[in-house]
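Everything on this sheet refers to the single structure shown next.
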Amino acid sequence: MTLSPEAILRNAARLTPRYTSYPTAPHFHPGVGAESYRDWLSALPPGASLSLYMHVPFCDTLCWFCGCHTKITRRYEPVAAYLEALMREIALTAAAAPKDVQVAHMHWGGGSPTILEPQDILRLATAARAAFRFAPDAEFAVEVDPRGMTQEAVGALAAGGLTRVSLGVQDFDPKVQAKINRIQTFEETQRVVQMFRDAGVRSLNIDAIYGLPAQHEAELMHTLDLSLELKPDRIALFGYAHVPWMKTHQSQINEEELPGVVERYGLAEAAGARLTRAGFERIGVDHFALPTDTLAAAARQHRVQRNFQGYTVDPADALLGFGASAIGRLPQGYVQNETAIMRYQRSVDAGDFAIARGVAFSDEDRLRGDIIERLMCDMSFSTRALDGSRSDLARAAQSCAETALAEDRDGFLRATPDGFVVTDLGRPFLRTIAARFDAYLTMQEARHSLAV
């Protein structure tokens, strides 16, 4: 079955959250602050497993497509000062948490974490391992900008225990790269991949983007073919989120050169077909993994999780975020640090947490959040999985599911005895389907990106 352009527009043109959290970040508020975070940390259960996220909000050039919290600098002094604050926050957090917690996963993102000098890369990794006890099999992943990457930086990451590198590619076509202000050759990228492999880092993830300006199917297929030559274990294929009202630098991109909704859908479908033909398994809405990869194995066993890094095999009891704008998730709710770098540094330098806002979970948040996460990961809804201790909430969730089934005009859902499963036709519209269970969308207007 092929969807008509009208059906694509009807479902994909809606602006919906990416559902890397629930409630989503626009609904965080300043009523949750440093004191709440301190209490939540101290209440972590004995032996709790942790996931650590380190945010390095600096780049040396501005990519116009970027939606991250980052700052452009050609000087290293601001980066060095920020690193000192980051390590102080690590020590502050470790002192507030129970002593028997254990780290199962650590992820560095940005910005560009590899803007750090090699000696500082090793200092940060060492500081994290000195503050927290790491499991022997703990994963350590870093987002890497291949441009200008040195052998010394690769060696420092490997010495720090790196297990997976996530390489930013976006698109290899020079015409598209010029439109997004990111010039990156395949040869340089290939050289960096080989350096990591020579250093013993075997797991490779490629980040690519569809929906970029001047990008058509031929350009995207060429990018994927070159990416496959790098022999990655995973590929994350994100839809470009054009949100110039939030990220003003995106106004440098000519909106007339962006593919329309129907073409975006076609790009996503063609890319998915290309990757599955190459032997990758589809994970949720935008990830692909080889059958031998741990992410694919977890997907088959319904163990995939979704957080601010995307799809992951990370069942930790708590995610602790470090750095400006970083978000953490604890059993009681979400917390987010100050977004402004200087405000973040001032708080930490004063010996306090830099929490600016967050949200404490209600029972309804937990239930709806679980449903949305399983939809985004497993593509299914089951009343048997609902928490029966709150029958009113369970009835509300079941009502949402029944409404979704009744209003499904395009074959996106298939009824089951206790709920529904999302069909292959519906997979690109998982965010739209999940939005049925989002109680906040009707309470407050928030601007999001296209649903496909």
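Can you tell me which residue is surrounded by the fewest Cβ atoms within 10 Å (Cβ to Cβ) among those in segment 267-276 that are in contact with a helix residue (DSSP H, G or I) (Cβ under 7 Å, 6 or more places away or on another chain) and without any contact (Cβ under 8 Å) to a residue 60 or more places away in the chain?
Applying the filter and picking the extreme gives A270.
Of the residues Q301, Q305, Q336, which single one is under 17 Å from the mean Cα position of the chain (by Cα), among the polar types (S, T, N, Q) and over 17 Å from G33 (Cβ atoms)?
Values: Q301 fails: under 17 Å from the mean Cα position of the chain (by Cα); Q336 fails: over 17 Å from G33 (Cβ atoms).
Of the residues listed, the single one that is under 17 Å from the mean Cα position of the chain (by Cα), among the polar types (S, T, N, Q) and over 17 Å from G33 (Cβ atoms) is Q305.
Say we look at segment 30-82 and pick out the residues that are in contact with a Phe, Trp or Tyr (Cβ under 9 Å, 6 or more places away or on another chain) and basic (K, R); which of these is farthest from D171 (Cα to Cα)?
Here the residue is R38.
Only one residue in G33, G47, G111 is surrounded by fewer than 21 Cβ atoms within 10 Å (Cβ to Cβ) and on the phi > 0 side of the Ramachandran plot. Which one?
Values: G33 fails: on the phi > 0 side of the Ramachandran plot; G111 fails: surrounded by fewer than 21 Cβ atoms within 10 Å (Cβ to Cβ).
None of the others qualify; the one that does is G47.
Under 8 Å between Cβ atoms, which residue pairs at least 6 apart in sequence (or on different chains) link something in segment 356-374 that is over 12 Å from P23 (Cβ atoms) with a partner that is of a type in the set (F, W, Y) and outside any loop (DSSP other than H, G, I, E, B)?
I371/F381; I371/F437; R374/F381
Just the residues that are within 27 Å of R234 (Cβ to Cβ) and at pLDDT below 95, please, taken from segment 309-363.
Q309, G310, Y311, T312, V313, D314, P315, A316
Could you list, in sequence order, all residues of segment 218-235 that are of a type in the set (A, V, I, L, M, F, W, C) and crowded, with 16+ Cβ neighbours inside 10 Å?
Selection gives L220, L224, L226, L228, L230, I235.
What are the pairs with Cβ atoms under 9 angstrom where one residue, in segment 277-304, is within 14 Å of L204 (Cα to Cα) and in contact (Cβ under 8 Å) with a residue 12 or more places away in the chain and the other, located anywhere, is hydroxyl-bearing (S, T, Y) and in a strand (DSSP E or B)? Sequence gap at least six, or different chains.
Qualifying pairs under 9 Å: H287/Y311; A289/Y311; D293/S203; T294/S203; L295/Y311; L295/T312.
If you scan segment 192-206, which residues turn out to be out of contact with any strand residue (DSSP E or B) (no Cβ under 9 Å at 6 or more places or on another chain) and part of a helix (DSSP H, G or I)?
Of everything in segment 192-206, those that are out of contact with any strand residue (DSSP E or B) (no Cβ under 9 Å at 6 or more places or on another chain) and part of a helix (DSSP H, G or I) turn out to be Q194, M195, D198.
Is segment 92-111 home to any residue that is under 22 Å from R357 (Cα atoms) and of a type in the set (S, T, Y)?
Yes, the conditions are met somewhere in segment 92-111.
Given the options G310, G321, name the one that is at positive phi, crowded, with 20+ Cβ neighbours inside 10 Å and under 21 Å from the mean Cα position of the chain (by Cα). Reasoning before the result, please.
Values: G321 fails: at positive phi.
Answer to the check: G310.
Which residue out of A138, A153 is surrounded by 19 or more Cβ atoms within 10 Å (Cβ to Cβ), modelled with pLDDT of 95 or more and under 28 Å from H249 (Cβ atoms)? Write out each step before concluding.
Values: A138 fails: under 28 Å from H249 (Cβ atoms).
A153 is the lone residue from the list that is surrounded by 19 or more Cβ atoms within 10 Å (Cβ to Cβ), modelled with pLDDT of 95 or more and under 28 Å from H249 (Cβ atoms).
Looking at segment 236-260 only, could you name the residues that are farther than 30 Å from T339 by Cα and either without any contact (Cβ under 8 Å) to a residue 60 or more places away in the chain or surrounded by 20 or more Cβ atoms within 10 Å (Cβ to Cβ) (or both)? Let's see the steps before the verdict.
From segment 236-260, those farther than 30 Å from T339 by Cα are 256-257, 259-260; that's our starting set.
Once the filter is applied, which keeps residues that are farther than 30 Å from T339 by Cα and either without any contact (Cβ under 8 Å) to a residue 60 or more places away in the chain or surrounded by 20 or more Cβ atoms within 10 Å (Cβ to Cβ) (or both), segment 236-260 yields E256, P259, G260.
Test Q177 against the stated conditions and say whether it is closer than 24 Å to A268 by Cα, free of Cβ contacts under 8 Å to residues at least 40 places away in the same chain, within 24 Å of the chain's Cα centre (by Cα) and not in a helix (DSSP H, G or I). Let's see the steps before the verdict.
Numbers: closer than 24 Å to A268 by Cα: yes; free of Cβ contacts under 8 Å to residues at least 40 places away in the same chain: yes; within 24 Å of the chain's Cα centre (by Cα): yes; not in a helix (DSSP H, G or I): no.
Spelling it out, it is not the case that Q177 is closer than 24 Å to A268 by Cα, free of Cβ contacts under 8 Å to residues at least 40 places away in the same chain, within 24 Å of the chain's Cα centre (by Cα) and not in a helix (DSSP H, G or I).
Go over the candidates R366, R431, R427 one by one and state the one that is among the charged types (D, E, K, R), buried (at least 20 other Cβ atoms within 10 Å of the Cβ), within 21 Å of R303 (Cα to Cα) and at pLDDT below 95.
On the way: R366 fails: buried (at least 20 other Cβ atoms within 10 Å of the Cβ); R427 fails: buried (at least 20 other Cβ atoms within 10 Å of the Cβ).
Exactly one residue qualifies, and that residue is R431.
Given the conditions (1) in a helix (DSSP H, G or I); (2) closer than 18 Å to G426 by Cα; (3) modelled with pLDDT of 95 or more, report the number of the one that E263 does not fulfil.
(3)
Working carefully through the options F280, F361, F288, find the one that is farther than 27 Å from K71 by Cα, in contact with a Lys or Arg (Cβ under 7 Å, 6 or more places away or on another chain) and aromatic (F, W, Y).
Of F280, F361, F288, the one residue that is farther than 27 Å from K71 by Cα, in contact with a Lys or Arg (Cβ under 7 Å, 6 or more places away or on another chain) and aromatic (F, W, Y) is F288.
The values are calculated or read from the model by the stated rules, or taken from the named source; none is laboratory data. Keep in mind that what you see is a predicted model, and the values were worked out from it rather than measured. Backbone-built Cβ (ideal geometry, glycine too); neighbour counts: all protein chains shown.
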